[in-house]
Amino acid sequence: MLKAIGKVAWEETKCFFLNSRLIIVVFELILFCQTLLVQVKELCQTSGMKISFFEPYLLICTGDMYFLAIPLVFIILLSAFPSKRSYNYFSLIRISRLEWLLGELLFLFLSAVGYTLFLGVPLTAYVGRYIRLDNQWSSYMLTFHRDFPDLYELNTNCFLNTEMMTHGSPMSVFMHSVLLMLLMLLVVALIQMTFALLKKRYFGMLLSVGLTLASAFSAYKSSPLKWLFPMPHANFGAHFDGFRAAKHMALGASYLYFGALFIILLVIDFILVKKTNMEA
């Protein structure tokens, strides 16, 4: 059983990471670096300050356009999911439907983690010698506005907001941000798989994109209805009201939200896979 699951996951992983569509991630990184992090490097050079190891990724999470790009690019990368290679294993090694589905789920986890690493590592490497290896908020984030007020006013987008820095250490905020984004990616991937099993693959892709965009726009509203959408839950800063202890939404509730969506979609997929003619 484990061997069959591993083979399905391996075939999907090869299709994902050896696909020409992966060039989109390179352009995504260029966008992040050349429109935001290059300014951060220049400000660090001017001030003589450094930023924490965890702060480059968190800076991307505070920029609405950048944060939105992460799930949208992942959806595009999954446009051919599930691939025909994984379906062919029904005739090649006669695996069960359950084994096929578990292999696909393993692949979704590996692809989401791999995609996140493919983004996070180059972002940190790009900042290079201006990185500090510690778990403290950097002087760049804490005192730049006091020492260089004019430069700060011109480049406020290059700094973390209070919601990100006053509710945990860099490592804890980073871990929550990454985990919540991974859950967001897994949910949109399961939506893709659900509609693929319904033979409506591209409708599922459009739905995932529409849901992500609607989620992003809802984040600007103060209405509690915005928490019906996944993107606000994936945004660490959106859970808090500035530097105050008051919370718009508890982090635990967001994990339960994603967990409930995951279970619902998983149950639907288990039902659908039993009724789908995989060999056809």
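The values are calculated or read from the model by the stated rules, or taken from the named source; none is laboratory data. Note that the coordinates shown come from a computational prediction; the quantities given were computed from them, not determined experimentally. Glycine also receives a Cβ, built like all others from the backbone with ideal geometry; neighbour counts cover every protein chain displayed. Accessible surface is based on the protein model in full, side chains and every heavy atom, while ligands, DNA and RNA are left aside. Shrake-Rupley method; radii C 1.70, N 1.55, O 1.52, S 1.80 Å.
Quick notes on this one:
- Conditions (1) surrounded by fewer than 10 Cβ atoms within 10 Å (Cβ to Cβ); (2) at pLDDT below 75; number of the one not met by residue 252: (2)
- Qualifying residue in the range 156-166 (condition: more than 24 Å from residue 238 (Cα to Cα) and open to solvent by less than 60 Å² (accessible area, probe 1.4 Å)): no
- Of the helices (runs of 4 or more DSSP H) contained entirely in the range 1-51, those carrying at least 3 residues that are closer than 20 Å to residue 81 by Cβ and not β-branched (Val, Ile, Thr) fall at 2-17.
- Selection count where residues are within 14 Å of residue 47 (Cα to Cα), in a helix (DSSP H, G or I) and either open to solvent by 70 Å² or more (accessible area, probe 1.4 Å) or not aliphatic (A, V, I, L, M) (or both), scope the range 135-155: 11
- Qualifying residue in the range 171-189 (condition: in contact with an Asp or Glu (Cβ under 8 Å, 6 or more places away or on another chain), open to solvent by less than 60 Å² (accessible area, probe 1.4 Å) and within 30 Å of residue 252 (Cβ to Cβ)): no
One line per residue, one yes/no per condition, for (1) under 21 Å from the mean Cα position of the chain (by Cα); (2) among the hydroxyl-bearing types (Ser, Thr, Tyr):
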position: 112; (1), (2): yes, no
position: 117; (1), (2): yes, no
position: 120; (1), (2): yes, no
position: 125; (1), (2): yes, no
position: 128; (1), (2): no, no
position: 132; (1), (2): no, no
position: 139; (1), (2): no, yes
position: 146; (1), (2): no, no
position: 150; (1), (2): no, no
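- Checking each residue in the range 95-125 for being open to solvent by 60 Å² or more (accessible area, probe 1.4 Å) and under 18 Å from residue 38 (Cα atoms) picks out 121, 125.
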